[in-house]
Amino acid sequence: MDSQPVDSQPVDSQPAVGPSDRSSVIGRRLIVTCGAGFIGSTFVRRRLAATADHITVVDKLTYAGNPANLAGLDDDAATRRRYRFVQADIADATTMGELAAEADAIVNFAAESHVDRSILEPAAFLHTGVLGVHALLEATRAAQEARGPAEPPFRFLQVSTDEVYGPVPVGRSVEDDPIRPTSPYSAAKAAGEHLVRAYRETHGLDTVITRGANTYGPHQYPEKLIPLFITNALDDEPLPMYGDGMQRRDWLFVADHADAVGVALDRGESGGVYNIPGDGVERPNREVTEAILAALGKPWSLVRSVPDRPGHDRRYALDGSRLASLGWRAAVPFDEGLPQTVRWYAEHRAWWEPIKSGQWADYYRAQYAWRLERSVEA
């Protein structure tokens, strides 16, 4: 299996934002959950490259956790002494408590993250997004209570999503807007946020929440729109576009998302919530599909309009002013990030072809077989 890291790509070679004065020259000890996943592994690689932090990755290695995303960190002299991997469920309170006792902060990327899958299998989303977050917060509370008065507080950062706001017909969501999730996935993420706030108010924990826009880039599990359509198009398979394809999103490149989380971790106000937008240019799914096909030289005839998923939000949009005040803005525009992503999947069949079998194939049939039978020309 190809294990070339994200950082080998030209766009992804930007330096991550370094730590603020919250971090010492010897670095902090971080627990990064779901660190073998798409965004988490990008954060781990970029954080190790840019700081002196020591990172313990915790990942259950469910369908979307891939050890290949972290390949080489054990062997690289620059990282092997500052990195370790623990296979565990974040809802395992005993393990999380033991790990937190040796750490300074938790960055929680863990989530079952695909809305479509949450409609088919909601229980797994509640397990990770509610019970898992609760176990991590209990571990954080115990670690904080064990710290001496001269030590900085133990920080807990919850990585959430713009989808907790629900659909945004006009304007842009700001962090103080009410959250109105519309899918089991976003409801689980919203529940996790409420737990974080409750533990901050009840136990005085040092917490931060981030809400990221739709994220794309190399190493994304091929069930989301962009990697699914790229890999299907590479094999001349149908591209199942939901409805009219006019659902609008602001797209965020994975390296930008990872670096934004780092800024919030280092510079974010205790108790703060921070939106992480993309390049600020909204694009409907139809336009994204056109760009993928153009980059691959494939025909529009591959696209099939299929019955939409239940409760599909038409638009999300984030105001990023609060995070911009900390010194972060997206560095990779979609017009640069998408070609980089298309090229990565075209050059890394050995990474994604084994994934699109077994459990993934079963999920794909359950999700799309009947829809494709009812599809029409797009």
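The values are calculated or read from the model by the stated rules, or taken from the named source; none is laboratory data. What you see is a predicted model, and the numbers here were worked out from it, not measured in a lab. Note that each Cβ is placed from the backbone with ideal geometry, even for glycine, and that neighbours are counted across all protein chains shown. Note: accessible area is taken over every heavy atom of the protein model, side chains too, but ligands, DNA and RNA are not part of it. Shrake-Rupley method; radii C 1.70, N 1.55, O 1.52, S 1.80 Å.
Looking at segment 175-189, is at least one residue touching a residue at least 60 places away in the same chain (Cβ under 8 Å), touching an Asp or Glu at 6+ places or on another chain (Cβ under 8 Å) and basic (Lys, Arg)? Yes, segment 175-189 has at least one match.
Every test in (1) modelled with pLDDT of 95 or more; (2) farther than 30 Å from residue 198 by Cα is passed by residue 358 save one, and that test is (1).
The residue pairs whose first member lies in segment 348-360 and is small (Gly, Ala, Ser), whose second member is open to solvent by less than 70 Å² (accessible area, probe 1.4 Å), and whose beta carbons are closer than 8 Å, counting only pairs six or more residues apart or on different chains, are 350/2. Taking the conditions (1) modelled with pLDDT of 95 or more; (2) more than 18 Å from the chain's Cα centre (by Cα) in turn, residue 309 satisfies each one other than (1).
Listed here are the residues, each with its yes/no results for (1) buried (at least 22 other Cβ atoms within 10 Å of the Cβ); (2) at pLDDT 85 or above.
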position: 7; (1), (2): no, no
position: 22; (1), (2): no, no
position: 50; (1), (2): no, yes
position: 59; (1), (2): yes, yes
position: 65; (1), (2): no, yes
position: 77; (1), (2): no, yes
position: 88; (1), (2): no, yes
position: 91; (1), (2): no, yes
position: 110; (1), (2): yes, yes
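From the set of residues in segment 249-286 that are touching a Pro at 6+ places or on another chain (Cβ under 6 Å) and either free of Cβ contacts under 8 Å to residues at least 60 places away in the same chain or closer than 24 Å to residue 197 by Cβ (or both), which is least open to solvent (accessible area, probe 1.4 Å)? Even if it seems obvious, please write down each step before you answer.
Looking only at segment 249-286, we keep the residues that are touching a Pro at 6+ places or on another chain (Cβ under 6 Å), and these are 250, 266, 279.
Filter again for either free of Cβ contacts under 8 Å to residues at least 60 places away in the same chain or closer than 24 Å to residue 197 by Cβ (or both), leaving 266, 279.
Numbers: 266: 3, 279: 48 Å².
Per the stated criteria, the residue is 266.
If you take just the helices (runs of 4 or more DSSP H) that sit entirely in segment 75-175, which of them hold at least 1 residues that are under 20 Å from residue 186 (Cα atoms)? Explain how you work it out, then say what you get.
Details: elements: 93-100, 115-120, 122-126, 133-145.
Of the helices (runs of 4 or more DSSP H) lying wholly inside segment 75-175, those with at least 1 residues that are under 20 Å from residue 186 (Cα atoms) span 115-120, 122-126, 133-145.
A quick yes/no check of all residues on (1) over 30 Å from residue 178 (Cβ atoms); (2) among the basic types (Lys, Arg); (3) open to solvent by less than 50 Å² (accessible area, probe 1.4 Å):
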position	(1), (2), (3)
291	yes, no, yes
325	no, no, no
330	no, no, yes
366	yes, no, no
375	yes, no, yes
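Does residue 231 satisfy being in contact with a Phe, Trp or Tyr (Cβ under 9 Å, 6 or more places away or on another chain) and open to solvent by 10 Å² or more (accessible area, probe 1.4 Å)? Here the answer is no, as residue 231 does not meet what is asked. Among the residues making up segment 182-195, a single one is over 23 Å from residue 154 (Cβ atoms) and either basic (Lys, Arg) or open to solvent by 50 Å² or more (accessible area, probe 1.4 Å) (or both): 182. Checking each residue in segment 178-219 for being over 29 Å from residue 143 (Cβ atoms) and out of contact with any helix residue (DSSP H, G or I) (no Cβ under 6 Å at 6 or more places or on another chain) picks out 178, 180, 182, 214.
Of the residues making up segment 145-174, those that are farther than 29 Å from residue 121 by Cα, in contact (Cβ under 8 Å) with a residue 60 or more places away in the chain and open to solvent by 10 Å² or more (accessible area, probe 1.4 Å) are 152, 153, 171, 172, 174.
Looking only at segment 342-355, residues that are modelled with pLDDT of 95 or more and within 25 Å of residue 185 (Cα to Cα) come to 1 in all.
Can you find a residue in segment 215-226 that is in a strand (DSSP E or B) and in contact (Cβ under 8 Å) with a residue 24 or more places away in the chain? Yes, some residue in segment 215-226 is in a strand (DSSP E or B) and in contact (Cβ under 8 Å) with a residue 24 or more places away in the chain. When residue 198 is tested against (1) open to solvent by less than 10 Å² (accessible area, probe 1.4 Å); (2) modelled with pLDDT of 95 or more; (3) part of a helix (DSSP H, G or I), only condition (1) is not met. Given the criteria open to solvent by 30 Å² or more (accessible area, probe 1.4 Å), closer than 30 Å to residue 195 by Cα, at pLDDT 95 or above and in contact with an Asp or Glu (Cβ under 8 Å, 6 or more places away or on another chain), does residue 315 qualify? Yes: the conditions hold for residue 315.
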